[in-house]
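The values are calculated or read from the model by the stated rules, or taken from the named source; none is laboratory data. Note that this is a predicted model, so its numbers are computed, not measured. Positions of Cβ are generated from backbone atoms using ideal geometry, with glycine treated the same way; all protein chains shown enter the neighbour counts. The protein model used for the area step is the full one, side chains on, heavy atoms only, and it has no ligands, DNA or RNA in it. Shrake-Rupley method; radii C 1.70, N 1.55, O 1.52, S 1.80 Å.
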Amino acid sequence: MTNFDFVFQPSIDKARIETLATSAYIQQSETVLIQGPPGTGKTHLAVALGIKAIEHGFSVAFYTLEDLIHAARQDVDRQPKRKKGVKYLKSSLLIIDEMGFQPLSREDAALLFRVVNYRYGRGSTIITTNKAVKDWPEILAGDEVMTTAVLDRLLHKSHGLHVNGRSYRLKNLEKMLA
């Protein structure tokens, strides 16, 4: 957290991030949804919260959505008793990065639902996304029912952070072009 530029991204409430950095939300199996345009620090915040969670003694798993779906595909036929040892299911905190860059097939959306459903009430999840919640049906194969089921579980006990600002990666380019 110490190297995040809150001055560059004033839309982020530093006090709220500091509260999340206590990791109390993990003890309550709550979700953190970080939404905003590319380059605004969503992944940086998610990783920083993950590091704080580790410092507080929690286990953390980090996956891009693409990598998580790939792992879930490989575990789809695993017996239920053996799924308890799967890293993305057993970690106290699962970070899913880059949700929304590519739409999922119906099968992959169902795999994401399985992960979310299994973790519901058992562990915390942080999701970074460039899409507003209202646009999630386009991510989840256009399936409104599945989207509702996923969001119902994720948002039941959640913290929403909307990052609204310029791309940190492009700030030097902006200076050069000014």
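Per-residue SASA remark: Tyr63, around 40 Å² accessible (1.4 Å probe; ligands, DNA and RNA not included). In the assembled protein chains, Lys157 presents an accessible area of approximately 80 Å² (probe radius 1.4 Å).
The angle separating the long axis of helix 144-155 from the principal Cα axis of greatest extent in the chain is about 70 degrees.
Given region 68-139, what whole percent of its Cα pairs are spread farther than 17 Å? Working shown, then result.
On the way: 1134 of 2556 pairs.
Every Cα pair in region 68-139 considered, those over 17 Å come to 44 percent.
In order along region 5-21, phi translates into HN-Hα couplings of 8, 5, 5, 5, 10, x, 6, 8, 7, 4, 4, 5, 5, 4, 5, 5, 5 Hz, rounded to whole numbers, per the Karplus curve 6.51 cos²θ - 1.76 cosθ + 1.60 with θ = phi - 60° and x for Gly and Pro. Stretched out straight at 0.36 nm per residue, the stretch from Val133 to Arg16 would grow longer than its current Cα-Cα span by 40.1 nm. Note on Lys84 and Asn3: the extension gain reaches 25.6 nm, defined as 0.36 nm multiplied by sequence separation minus the Cα-Cα distance. Calculated accessible area for the chain comes out at 55 Å² per residue, all protein chains present (probe 1.4 Å; ligands, DNA, RNA ignored). With the charge dipole of the chain set up from +1 on Lys and Arg Cβ and -1 on Asp and Glu Cβ about the Cα centre, the Cα lying farthest toward the positive end among the listed residues Ala53, Ala110, His156 is that of Ala53.
Helix content alone sets the calculated 222 nm mean residue ellipticity of the chain: runs of n ≥ 4 DSSP H residues at -39500 (n - 2.57) each, divided across all residues, give -12500 deg cm²/dmol.
Out of the total accessible area of the chain (probe 1.4 Å, heavy atoms of protein only), what percent is carbon and sulfur?
Taking all protein chains in place, the chain shows 52 percent carbon and sulfur surface.
Dividing the C-alpha radius of gyration of region 1-134 by 2.2 N^0.38 Å, with N its residue count, gives 1.06. Between the Cα long axis of helix 42-55 and the first principal axis of the chain there is an angle of about 70°, rounded to the nearest 10. Directionally averaged projected area (region 106-159, Cα convex hull): 3.5 nm².
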